[in-house]
Amino acid sequence: MPGVITIDASLPLPIYAQLDRAIRAAVATGKLAPGVQLPTVRQLAVELSVNANTVARVYLDLERAGIVETRRGVGTFVALEQPALGAKRGREGELRGLAKRVLDEAAARGFSVDDLVNQMKTLAGEEGRRS
């Protein structure tokens, strides 16, 4: 799973939140397919140089959300059936909050809205070519 999940200690976002978002994004974009086994808590902690308790907490929260499932004695896997992500109603506020955080972070780093939009379009085009 190298490269699929990355953590940047220089960001103001806590390591826990970065890891949670990275795994959710990898699952949502298909980089982590249903049924794929995730590294053990220790393996991922060592790979990312983070505390194993942080990884364990993220895995537990993702399991509670239905994103992953843990099979006792076997490991943690991306859930075969993901929670309904298509229910857009009621999630518009969540997306709005996400967009605001991205805009705020970009502005804090000196980027304009146009810079951000252009980069998002470029990335979306690149993702489309990979699919």
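The values are calculated or read from the model by the stated rules, or taken from the named source; none is laboratory data. Predicted model, so just to flag it, every value in this text is computed and none were measured. Here the Cβ positions follow ideal geometry from the backbone for every residue, glycine too, while neighbour counts run over all protein chains shown.
Structure data summary
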| item | result |
| --- | --- |
| Which numbered condition Val46 misses (of (1) at pLDDT 90 or above; (2) in contact with a Leu (Cβ under 7 Å, 6 or more places away or on another chain); (3) part of a helix (DSSP H, G or I)) | (2) |
| Options Ala26, Ala22; residue that is surrounded by 18 or more Cβ atoms within 10 Å (Cβ to Cβ), within 20 Å of Gly66 (Cβ to Cβ) and out of contact with any strand residue (DSSP E or B) (no Cβ under 9 Å at 6 or more places or on another chain) | Ala22 |
| Any hit, segment 88-102, residues being out of contact with any Gly (no Cβ under 8 Å at 6 or more places or on another chain), at pLDDT 75 or above, within 16 Å of Leu11 (Cβ to Cβ) and part of a loop (DSSP other than H, G, I, E, B) | no |
| Qualifying position, being exposed (fewer than 14 other Cβ atoms within 10 Å of the Cβ), part of a loop (DSSP other than H, G, I, E, B) and within 16 Å of the chain's Cα centre (by Cα), among Gly35, Gly73, Gly3 | Gly3 |
| Failed item, numbered, when Arg57 is tested on (1) part of a helix (DSSP H, G or I); (2) touching a residue at least 24 places away in the same chain (Cβ under 8 Å); (3) under 29 Å from Gln119 (Cα atoms) | (3) |
| Verdict on Leu48 being surrounded by 14 or more Cβ atoms within 10 Å (Cβ to Cβ), on the phi < 0 side of the Ramachandran plot and more than 9 Å from the chain's Cα centre (by Cα) | yes |
